[in-house]
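Any read-out appearing in this document is the output of simple, stated calculations on the displayed coordinates, not a laboratory observation. Since the structure is predicted, the reported quantities are computational estimates derived from the model, not experimental observations. As a convention, Cβ positions derive from the backbone with ideal geometry for all residues, glycine included, and neighbour counts pool all protein chains shown.
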Amino acid sequence: MLYQLHEMQRALLRPLSLWAEATSQVYASPVLPFSHTPLAKRLSAGLQLLHRIGKSYEKPEWGFETTEVDGQSVEVTVETAVDKPFCKLTHFKRAISDERNAQDPRVLLVAPLSGHFATLLRDTARMLIRDHDVWVTEWVDAKFIPVTEGPWSLDDYVHYIIDFVRHLGPSVHLISVCQPTVPVLAAVSLMASANDPQSPKSMTMMGGPIDTRRGATAVNDLAKRKPLSWFENHVIYPVPAQHPGYLRKVYPGFLQHAGFVAMNPDRHTQAHYDYYLDLVKGDLDDAESHRKFYDEYNAVLDMPAEYYLQTIRVVFQEQLLPRGLWSVRGVPVQPADITRTALLTVEGELDDISGPGQTQAAHELCSGIPKERQADMVVEGAGHYGIFSGRRWREVVYPRIREFIRTHN
């Protein structure tokens, strides 16, 4: 019933949100007399905040139109290269010649399937496309996937990655951010064990839960504290009838979003209050920054129940990967078999989602990779999002990744 109640709440808030937005404009427009009353700015700001709290947030656009290549502005087209039921492989095609494009390394950016859309990595992709031929996984909101497509698990995720790597060829470099570090390592391990000639040249793992026995965070503690049956009974719900995925069991995005906010409620409350003050003061630049961030942060997707529950068990409760006990479709995952793929790990010093040491554990597991083909980076003062978005990403992390990829291209 919780999912249905959520949908009812959205339906009730929608007209209120629209009214608040329209009325806010009345108090903000200089051509209308209401805007010149003493409380006009405060009323407009309050109504604008009410509008944003009550509105629905859909999947954001990438917003890429151009990038810079060799000092010149070139057009970027976002194209779907492979269309699978649970994921689309998207290509950021730059308007340059095939010969020039071939000079830049090919990169598959594996986005997390953990509640947000792939566009959360917009800043990551924006930097990468300057110097690379970039492809990204765009996971599909499970409420839009009919039950006739069948269940989808973490094992299926691993094989999606293998399919995408084979589609792009052996020259590809993998970059995984947060959650996908685990299935990406499994995919590369399975390819290496099978002596697959399409194995990638390198893999960069950023802030991921490779070994959650290290650097425990609130996320890890919750997953360990509750039995798997608790998650199945309390956070898994069937999709309501108004969506194409009717009756598919999912972990709803709105519950994941509530969990994100609950981790730092004071920070989000202060951010919304600051937004209100910015509107009152007329500081439109800061207000726009707030809108852009929360347009992305509040846009969430549903995850297939099978995938979510298997991830909780394999990654957070039983730590099967670092213990050498994980099998994908009956085939053991053996990272030690990887020899040809270079490895770079990136962690944030202050990461409160994937704690320090969790991603670095990949180096011990990948003992077959020569030391000269391994590298590690800890970003001082960076939290989880700071390693793939913002100033530290652009000025500190990205140059290191670019250099690493070219070294092993």
Most packed first (mean Cβ within 10 Å per residue), the peptides 230-236, 380-386, 205-211, 104-110 order as 205-211, 104-110, 380-386, 230-236
Counting sequence-distant residues (5 or more places) and residues on other chains, those with an amide H built under 5 Å from that of Val134 are Phe92, Val107
With only helices counted (DSSP H, runs n ≥ 4, each -39500 (n - 2.57)), the per-residue ellipticity at 222 nm for the chain, to the nearest 500, works out to -12500 deg cm²/dmol
Comparing Val26, Val314, Val76 in a Gaussian network model of the chain (Cα, 10 Å), the one with the largest mean-square fluctuation is Val26
Quick calc, segment 273-343, dipole around Cα centre from Cβ unit charges on Lys, Arg (+) and Asp, Glu (-), nearest 20 debye, gives 680
When Lys224, Lys371 are arranged by how many other beta-carbons sit within 10 Å of their Cβ, fewest first, they go Lys371, Lys224
log10 I(q)/I(0) for segment 319-398, Debye formula on C-alpha points only (no solvent), q = 0.18 Å⁻¹, two decimals, reads -0.82
Final fewest-first order of Ser367, Ser35, Ser389 on the 10 Å Cβ neighbour count is Ser367, Ser35, Ser389
Taking a straight Cα-to-Cα line shorter than 29 Å from Lys201, and setting aside same-chain lysines fewer than 8 residues away, one finds Lys84, Lys88, Lys93, Lys371
The ³J(HN,Hα) series, computed from each phi in segment 21-29 with the Karplus coefficients 6.51, -1.76 and 1.60 at θ = phi - 60°, rounded to the nearest Hz and given as x for glycine or proline, is 5, 5, 5, 4, 5, 4, 7, 9, 6
When Asp163, Asp83, Asp155 are arranged by how many other beta-carbons sit within 10 Å of their Cβ, fewest first, they go Asp83, Asp163, Asp155
extent check for the chain: Cα max minus min per principal axis, descending, whole Å, gives 73, 55, 40
